[in-house]
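Q: Next up is a structure, given as structure tokens.
The values are calculated or read from the model by the stated rules, or taken from the named source; none is laboratory data. Note that this is a predicted model, so its numbers are computed, not measured. Don't worry about glycine lacking a Cβ; one is built from the backbone with ideal geometry, like all the others, and counts go over all protein chains shown.
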Amino acid sequence: MIDNTDPAGRDTEDNGLWIRRFHPRPDSDVRLVCLPHAGGSASFFFPVSQAMPESVEVLCVQYPGRQDRRKEPLIDNIPDLADRVFAALLPWAEKPLALFGHSMGATLAFEIARRFERERGTVLAGVFASGRRAPSAPRHETVHERDDEGILRELRSLSGTNTQILGDEEVLRMVLPAIRADYRAAETYTYEPGEPLRCPVVGLTGDDDPKVTVAEARAWGDHTDGAFDFHVFPGGHFFLANHQREINRLIVDRLTTRAGNAPVAG
């Protein structure tokens, strides 16, 4: 059973819609918020939630337009999506929060961390930016303008031989509007220069990712005044599927080292 009640016991609309708490760990020291890639869902991070120790509770974000939210209005831009997720996370911020975002989710994590610092004065325990170019390293991409077959070809090329990531193609076709909206959000995102984050940032990338070069991923270091770690793994866009155990260890190591120094929301 998924427990989506917030720490005060409130089962609010936003908690039930946005936040999936697959493995409640009420005695955890820190919460890791996982933000999926374009077309992804909260369940993508179920194995991460399952693998974490008692000291790390995982909250997985569910975007509109997929699974049990399939009939909801889509959000096709990063600022609005960041605003909504930020609001949904506020009840959970009585403990230190860290954000792990893959691909589009990494950009979203950056914008949410900005909102915590700007609007709440809260420095998060960390941002893990996986499989995504730094905000200051844009590319002109138009996958969201392709027809349905064009978008499916893009998904196949990124998943490679890992059919588990691609999932059931019939189901994919049902959620193509949501996938297109996610791609539009990621591809039309415009970085607005500002103060760098104060929280630690960890960059992760695959050495054969067609969506991001090693240099573009390393540029995440320019977006924080905190500590910056950078890790390159063998593989393409979904390198994390083949290195999840190693990445989990990295997450736990960083969070257990830093959680005690991270302020909570006021």
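Q: What helices (runs of 4 or more DSSP H), lying completely within the stretch 170-266, carry at least 3 residues that are modelled with pLDDT under 95?
A: 176-187, 244-258
Q: Go through the stretch 215-259 residue by residue and tally those that are out of contact with any Pro (no Cβ under 8 Å at 6 or more places or on another chain) and among the basic types (Lys, Arg).
A: Matching residues across the stretch 215-259 total 3.
Q: Looking at the stretch 31-47, which of the residues that are more than 11 Å from the chain's Cα centre (by Cα), farther than 18 Å from PRO96 by Cα and modelled with pLDDT of 95 or more is surrounded by the most Cβ atoms within 10 Å (Cβ to Cβ)?
A: The qualifying residue surrounded by the most Cβ atoms within 10 Å (Cβ to Cβ) is PHE46.
Q: Oh, and also: For the stretch 142-169: of the residues being part of a loop (DSSP other than H, G, I, E, B) and of a type in the set (D, E, K, R), which is modelled with the lowest pLDDT?
A: Applying the filter and picking the extreme gives ASP168.
Q: Tell me whether the stretch 48-67 contains one or more residues that are among the charged types (D, E, K, R), farther than 26 Å from SER159 by Cα and in contact (Cβ under 8 Å) with a residue 40 or more places away in the chain.
A: Looking through the stretch 48-67, none of the residues is among the charged types (D, E, K, R), farther than 26 Å from SER159 by Cα and in contact (Cβ under 8 Å) with a residue 40 or more places away in the chain.
Q: Based on this model, can you work out whether GLN67 counts as at pLDDT below 95 and of a type outside the set (Gly, Ala, Ser)?
A: Numbers: at pLDDT below 95: yes; of a type outside the set (Gly, Ala, Ser): yes.
Answer is yes for this residue.
Q: For the stretch 106-141, name all the residues that are part of a loop (DSSP other than H, G, I, E, B) and at positive phi.
A: Scanning the stretch 106-141 gives GLY121, GLY131.
Q: Condition first: under 26 Å from PRO210 (Cβ atoms), free of Cβ contacts under 8 Å to residues at least 40 places away in the same chain and in contact with an Asp or Glu (Cβ under 6 Å, 6 or more places away or on another chain). Can you find one or more residues in the stretch 169-176 that meet it?
A: Yes, the stretch 169-176 has at least one match.
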